[in-house]
1. Scan (1) free of Cβ contacts under 8 Å to residues at least 12 places away in the same chain; (2) part of a loop (DSSP other than H, G, I, E, B) for the single condition residue 297 breaks and write down its number.
2. Could you please let me know if residue 274 is under 19 Å from the mean Cα position of the chain (by Cα) and under 23 Å from residue 399 (Cβ atoms)?
3. Could you look through the range 74-98, keep only residues that are surrounded by 24 or more Cβ atoms within 10 Å (Cβ to Cβ) and farther than 22 Å from residue 268 by Cα, and pick out the one that is nearest to the ligand (Cβ to nearest atom)?
4. Select from the range 136-173 the residues that are hydroxyl-bearing (Ser, Thr, Tyr) and over 18 Å from the mean Cα position of the chain (by Cα) and write down the one among them that is surrounded by the most Cβ atoms within 10 Å (Cβ to Cβ).
5. Pick out the one residue from 108, 143 that is more than 16 Å from the ligand (Cβ to nearest atom) and aliphatic (A, V, I, L, M).
6. Which one is nearest to the chain's Cα centre (by Cα), of the residues in the range 99-110 that are surrounded by 19 or more Cβ atoms within 10 Å (Cβ to Cβ) and not basic (Lys, Arg)?
7. Residue 311 - would you say it is farther than 24 Å from residue 121 by Cβ, within 16 Å of the ligand (Cβ to nearest atom) and not polar (S, T, N, Q)?
8. Among 123, 133, which is the only one that is surrounded by fewer than 19 Cβ atoms within 10 Å (Cβ to Cβ) and more than 12 Å from the ligand (Cβ to nearest atom)?
Amino acid sequence: MVIRPAAGVLSTTQVRTGIGRAATVPGRGGDLPPDGHHNLVVDRSAASRATATTAEHPATASHTDRTVIRAALAAANDDRIVIDLDDIATQYSALLQEFPGIVIRFAVKSCPVDEVLTTLARQGSDFDATSPQKIAQVFGEGVPPNRIHYGNTIKSDVQIAEAYRLGIRDFATDSLEDAEALAVHAPGSRVFCRLATSGDEAHWELSRKFDRTAAETGLIPSGVSQHVESQQMPVEAWHTAFDTLAGVLSGLNAHGITVDHVNLGGGLPALRCLDHHGKPLNPPLREMFSAIRESMSRLGRVSRAPLRFLMEPGRHLVADHDAIRAHVARLFSRCHTEGHRVSWLYLSCGKFNGLYEMDRIQDRLEYPSYDGDEYLPAVVAGPTSDSDDAFDSSGDGLVRVPRTAASGDPVWIFSCGAYTTAYTTRGLNGFNPLPYTCVGGPSGAAHGI
Ligand SMILES: Cc1ncc(COP(=O)(O)O)c(C=O)c1O
């Protein structure tokens, strides 16, 4: 069960609003040391919160009743993203329960919202950051540098030096050139070598990289990383990735190189997405998790040294726990070139200001002010007039909309996907990024920031 405030009651400590930076977080104020080396108190007990488990899905927060998020949507009288911090915390705990002892590094890019970072940091999460700017953001939330990994293999000398200056000593790399730059600008750091996809190639390349890394650069080879693609669905993809990892580990053994960390990357799916044909995806999470656990044991047997595992989930932790309050710009019908009339519902928000993953949203649209029962099929589009700014309406992809939807009517869109706050333009055609509101989360004082 998720610990929540009473439905509809959102105190100032539970609802924080802003673009980019949050309003003051109670209890933090100016108490932080000026050098920023202020460690967050980690609420590890939260990891043992009970979570809902169903036959199809292992423990997950994705099937909670959304009472709190609905109350916040109802309370909003302008457009915004609403993020449920408790659900994200629960999802983190649920994942940790599936993989006891694993280090979870939240992929910051998937939801770079201060309150989300703080929530996950309190749960005990480490962070995978993709740029010095993201490192500084995580750091700004009180996370010490030893819990932050610079996971982007593409970085310039200046960016490496800046990360190093911020205290980062843990980097991903996938080229000798990058490793050499790390040796110069981040001397003595630990590096994770990111695997290429094909086993043999990766294995040869990696041994070479590790040999060079250790012998010539003074960097510390810390582990190997992989990243299956985002929203990875087939369990088979994980088997293939682990086959590659096993091959690489035995290859490294044969070269007398020992690593002690394996980073499984991101790629775990969100639960409420559609496939490209608009059908619910229903990821086989239970099967996926047991395949990953079995493969972790297999790697443990292959490795000469005891292995520590890490993962870098983004989407799986956040994608189902945000919602957007938008409004109807206009419903009208227009004559298509083929001669038939098609209804179009234009929303105040679309692909360029929060609904980047609009084609994948399963819980399509709710119209809280509509109590009628007459609907018509329509193309749903965002406000920019860009042809990409529309729900995919191919096949039977038309969306059910109220026949009398009027300009200004609120529209709720649940499970808006990951990357919602990140994939947004700064104001394409004058449509600004949506502000956000966080609901739930710890009361500041109780958690001692
Ligand atoms: C190296 C790495 N780790 C983690 C992630 C997060 O992936 P996801 O949001 O699919 O979990 C990504 C996403 O691109 C990535 O490239």
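The values are calculated or read from the model by the stated rules, or taken from the named source; none is laboratory data. Values in this document were obtained by computation on a predicted structure and should not be read as measured data. Here Cβ is always computed from backbone atoms with ideal geometry, including for glycine, and neighbour counts include all displayed protein chains.
1. It is condition (2) that residue 297 fails.
2. yes
3. My answer is 81.
4. Pass one, the range 136-173, residues hydroxyl-bearing (Ser, Thr, Tyr): 150, 153, 156, 164, 173.
Those still in the list that are over 18 Å from the mean Cα position of the chain (by Cα) too: 153, 156, 164, 173.
Values: 153: 17, 156: 12, 164: 20, 173: 26.
Here the answer is 173.
5. 143
6. 110
7. Values: farther than 24 Å from residue 121 by Cβ: no; within 16 Å of the ligand (Cβ to nearest atom): yes; not polar (S, T, N, Q): yes.
Against the criterion (farther than 24 Å from residue 121 by Cβ, within 16 Å of the ligand (Cβ to nearest atom) and not polar (S, T, N, Q)), residue 311 does not qualify.
8. Numbers: 123 fails: surrounded by fewer than 19 Cβ atoms within 10 Å (Cβ to Cβ).
That would be 133, the only listed residue that is surrounded by fewer than 19 Cβ atoms within 10 Å (Cβ to Cβ) and more than 12 Å from the ligand (Cβ to nearest atom).
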